[in-house]
Amino acid sequence: MYVGGCQNDGSCDPTTGACACVGQWGGTTCTTCGCQNGGSCDPTTGACVCVGQWGGTTCTTCGCQNGGSCDPTTGACACVGQWSGTTCTTCGCQNGGSCNPTTGACACVGQWSGTTCTTWSQLKSNSAPYRSFKWYQRSRI
């Protein structure tokens, strides 16, 4: 919509002729959208309509968690390690393992090991847990 040469609901100053733009619209005739990372300006309000996990006034805040990053064009999260999901908040570690908040690497518990804590390592006969287990078995007889 043109208002004295200004577009996108901008208004023209009657004294100077300069456009006063709304929202993230800018430029001499309010035709430049200030949204970033694939965002677009709402034609009426000028507010940014962000894509994917991009957010904020100008679409520069990435909503990915746990070390994930936003794709500059689509806004989709690129998660690290075993983190997954739309915003990288689902931990893929199994059997009680937990994801490191920064790297996404699994911290396995007990005898579980491997990338996703799915490899069972049997107790070795000379390990302290094995000796404790044997003592426990004998004490129950």
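Consider residue 75 carefully, then state whether it is open to solvent by less than 40 Å² (accessible area, probe 1.4 Å) and assigned by the TED database to the domain that holds residue 118. Break it down stepwise before answering.
Details: open to solvent by less than 40 Å² (accessible area, probe 1.4 Å): yes; assigned by the TED database to the domain that holds residue 118: yes.
Against the criterion (open to solvent by less than 40 Å² (accessible area, probe 1.4 Å) and assigned by the TED database to the domain that holds residue 118), residue 75 qualifies.
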For the stretch 99-124, enumerate the residues that are surrounded by 14 or more Cβ atoms within 10 Å (Cβ to Cβ), among the hydroxyl-bearing types (Ser, Thr, Tyr) and without any contact (Cβ under 8 Å) to a residue 24 or more places away in the chain. 113
Residue 80 is checked against (1) of a type in the set (A, V, I, L, M); (2) surrounded by fewer than 15 Cβ atoms within 10 Å (Cβ to Cβ); (3) within 14 Å of residue 102 (Cβ to Cβ) and fails just one. What number does that condition carry? (2)
Residue ID - nearest to residue 37 (Cα to Cα), chosen from residues in the stretch 71-90 that are aliphatic (A, V, I, L, M) and part of a loop (DSSP other than H, G, I, E, B): 76
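The values are calculated or read from the model by the stated rules, or taken from the named source; none is laboratory data. All of these numbers come straight from a predicted model, not from anything done at the bench. We place every Cβ from the backbone using ideal geometry, glycine too, and count neighbours over all the protein chains shown. In case anyone asks, the SASA skips ligands and DNA or RNA and just uses the protein heavy atoms, side chains included. Shrake-Rupley method; radii C 1.70, N 1.55, O 1.52, S 1.80 Å.
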